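What follows is a short report on a single structure.
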Amino acid sequence: MTDGRTDGLRKRVFIRTYGCQMNVYDSDRMTDVLRPLGYALVDTPEQADLVVLNTCHIREKASEKVYSELGRLRATKLLRQSAGGDLTIAVAGCVAQAEGAEIVRRQPAVDIVVGPQAYHRLPELLAQVARKAAERRDGGVRRPGAGVLDTEFPAESKFDHLPPPGIVRAGSAFLSIQEGCDKFCTFCVVPYTRGTEYSRPVAAVLQEARTLVAAGALEITLLGQNVNAYHGEASDGATWTLGRLIRSVAEIPGVERIRYMTSHPRDMDDDLVAAHGDVPQLMPYLHLPVQSGSDRVLEAMNRGHNRDLYYRLIDRLRSVRPDLALSSDFIVGFPGESDADFDDTMRLVADVGFASAYTFMYSRRPGTPGAALPDQVPDNVKAARLAALQALIGSQQRAFNESKAGATMPVLFAEAGRKPGQVLGKSPWLQSVYVEGEAALVGRIVDVRVDDAYGLSLSGRVAAGVPFEAAA
Ligand code: SAM
Ligand code: SF4
């Protein structure tokens, strides 16, 4: 049974992560917090004593998925209890932050609701759950919905209370450097769920980067809801921007690849643009969401930039790094988006040319200004626009992939492929690359000659002369 004891007994935790890379990072950090309590990760909720759902609130569908999963977990918990055991259920992440006590009201089987700023307090929350369980064993009754809640934005930073990171996946690691957002795009819940912008101090970031390299990281992806708004304090009191931080991370011996996401067009300063030209480890791939190609819609979204700023930015970036591949986020069907506005988005995509992109139908989020706007776009119109946009971006992605056929490129191998004997890695442009090869490739950067290009991936073989080359 899960009771948060620190007596070294082996306990098992299953963490399901929804949403963005920030959540992947947070799930790893929760694992780091739970490890000293004796928790080991398992692959299914059925094997676990503690299940954590690390949730996403960005679109309605994402948060509804959480409640369906909680329904299934409740059934598992009841089964366990009828056999004399138990299952502790925790909801973390942005749904926890946004809905708080409402979660326990809708699903009384939930034991813990913990917001993204309070993960370092998980041991304390588990101990509270354990105390309540002990009271019940002593004759008390469990009141439905008696879960423990922590959705504060505490004065202390969770980063100061988390243990050093212990997770590097196959040579690649995430490093969260910034959280929260002050931009208040009118469609977005992030400023409400993640709070105001906060940048971690430079020394803490560099120390974490060194720890990750020592644990085997070759690639570090710097993360933030608005990562290029980074303004971390250095030990001499100076404020560092992202460009300067990237240059310092690049100086750490062993760092071979640097990426960052997600950035905002408004925060791409000259130094960061220049870094794309003069930091060799900074990969030639940038995720730079534009959301829409219509100035009218961009204004209604409160993005603080227009289409022209985006074009000029792309020109500057490509002038310092001609092989830079771009990716973006797009929302179709924002309130008031007309056919002409959508045509502007299609034109922007055609003009810029993307190597990939995430496309979303606008989802009305309670509490955001967009939800109250008139002229909500009907679902069938949104769906038709989404299909047209995806077709265009899909054809650009295929063309980009095809442009790499015949090239030899370094690939960071991440995992076994779906087919036996296949290994999967990432190109500098974040394309998936498959080769026939040994599992020993995982976690290494090895030159690959690309033979074939597809819509979503490349395939090839380890280049001639490289130790992992397949026998002819
Ligand atoms: N900070 C990033 C930026 O400004 O581009 C984006 C962060 S957000 C977690 C990721 C993406 O979700 C956004 O870029 C946007 O395209 C999408 N998104 C956010 N709110 C949405 C909504 N209400 N409906 C549809 N998509 C949404
Ligand atoms: Fe959301 Fe806009 Fe902030 Fe990005 S910049 S997190 S889209 S409010």
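The values are calculated or read from the model by the stated rules, or taken from the named source; none is laboratory data. Here the structure is a predicted model, which means the values were calculated and not measured. All Cβ positions, even for glycine, are placed from backbone atoms using ideal geometry, and neighbour counts span all protein chains on display.
Quick notes on this one:
- Within the stretch 165-180, being under 24 Å from residue 305 (Cα atoms) and surrounded by fewer than 22 Cβ atoms within 10 Å (Cβ to Cβ) holds for one residue alone: 180.
- For the stretch 261-293, taking the residues that are in contact with a Lys or Arg (Cβ under 7 Å, 6 or more places away or on another chain) and free of Cβ contacts under 8 Å to residues at least 40 places away in the same chain, the one that is surrounded by the fewest Cβ atoms within 10 Å (Cβ to Cβ) is identified as 271.
- Test: residue in the stretch 41-51 that is farther than 26 Å from residue 169 by Cα, hydrophobic (A, V, I, L, M, F, W, C) and crowded, with 24+ Cβ neighbours inside 10 Å: no
- Count - residues of the stretch 22-58 that are more than 18 Å from residue 110 (Cα to Cα), of a type in the set (D, E, K, R) and out of contact with any helix residue (DSSP H, G or I) (no Cβ under 7 Å at 6 or more places or on another chain): 4
- Qualifying residue in the stretch 419-430 (condition: free of Cβ contacts under 8 Å to residues at least 40 places away in the same chain and aliphatic (A, V, I, L, M)): yes
- Residue satisfying all of: in the stretch 145-178; of a type outside the set (A, V, I, L, M, F, W, C) and closer than 30 Å to residue 424 by Cβ; nearest to the chain's Cα centre (by Cα) among these: 176
- Within the stretch 170-201, considering residues that are assigned to a loop (DSSP other than H, G, I, E, B) and of a type in the set (Phe, Trp, Tyr), the one nearest to ligand 1 (Cβ to nearest atom): 187
- With respect to (1) without any contact (Cβ under 8 Å) to a residue 60 or more places away in the chain; (2) more than 20 Å from residue 159 (Cα to Cα), the lone exception for residue 98 is condition (1).
- If you go through the stretch 210-258 and keep only what is in contact (Cβ under 8 Å) with a residue 40 or more places away in the chain, within 16 Å of ligand 2 (Cβ to nearest atom) and part of a loop (DSSP other than H, G, I, E, B), you end up with 224, 225, 226, 230.
- Among the candidates 283, 261, residue that is within 16 Å of ligand 2 (Cβ to nearest atom) and not polar (S, T, N, Q): 261
Table: residues versus (1) surrounded by 19 or more Cβ atoms within 10 Å (Cβ to Cβ); (2) touching a strand residue (DSSP E or B) at 6+ places or on another chain (Cβ under 7 Å); (3) not polar (S, T, N, Q).
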residue	(1), (2), (3)
11	yes, yes, yes
17	yes, yes, no
21	no, yes, no
26	yes, yes, yes
35	no, no, yes
53	yes, yes, yes
60	no, no, yes
67	no, no, yes
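- Here residue 361 fulfils each of the conditions (1) over 25 Å from the mean Cα position of the chain (by Cα); (2) within 16 Å of ligand 2 (Cβ to nearest atom) apart from (1).
- With respect to the stated conditions, residue 353 is in contact with a helix residue (DSSP H, G or I) (Cβ under 6 Å, 6 or more places away or on another chain), over 30 Å from residue 373 (Cα atoms) and of a type in the set (Gly, Ala, Ser).
- Under the condition of being in a loop (DSSP other than H, G, I, E, B), within 16 Å of ligand 1 (Cβ to nearest atom) and either of a type in the set (A, V, I, L, M) or closer than 10 Å to residue 321 by Cβ (or both), the residues counted in the stretch 261-293 number 3.
- Residue that is farthest from ligand 1 (Cβ to nearest atom) [pool: residues in the stretch 294-312 that are buried (at least 18 other Cβ atoms within 10 Å of the Cβ) and not in a loop (DSSP other than H, G, I, E, B)]: 307
- Of residues in the stretch 364-390 being among the hydrophobic types (A, V, I, L, M, F, W, C) and free of Cβ contacts under 8 Å to residues at least 24 places away in the same chain, the one nearest to ligand 2 (Cβ to nearest atom): 371
- Test for residue 325: is it within 15 Å of ligand 1 (Cβ to nearest atom), crowded, with 17+ Cβ neighbours inside 10 Å and either closer than 24 Å to residue 259 by Cβ or in contact (Cβ under 8 Å) with a residue 24 or more places away in the chain (or both): no
- Residue 343 vs. criteria free of Cβ contacts under 8 Å to residues at least 24 places away in the same chain, more than 21 Å from residue 400 (Cα to Cα) and more than 13 Å from ligand 1 (Cβ to nearest atom): yes
- The listed residue being within 14 Å of ligand 1 (Cβ to nearest atom), outside any strand (DSSP E or B) and more than 30 Å from residue 260 (Cα to Cα), out of 366, 335: 335
- The stretch 18-30 residues that are under 13 Å from residue 179 (Cα atoms) and touching a residue at least 12 places away in the same chain (Cβ under 8 Å), paired with ones that are within 10 Å of ligand 1 (Cβ to nearest atom) and part of a helix (DSSP H, G or I) (beta carbon under 6 Å, 6 or more apart): none
- Of the residues making up the stretch 76-92, those that are of a type in the set (Gly, Ala, Ser) and at pLDDT below 95 are 82, 83, 84, 85.
- Residue satisfying all of: in the stretch 202-247; within 16 Å of ligand 1 (Cβ to nearest atom) and β-branched (Val, Ile, Thr); surrounded by the fewest Cβ atoms within 10 Å (Cβ to Cβ) among these: 221
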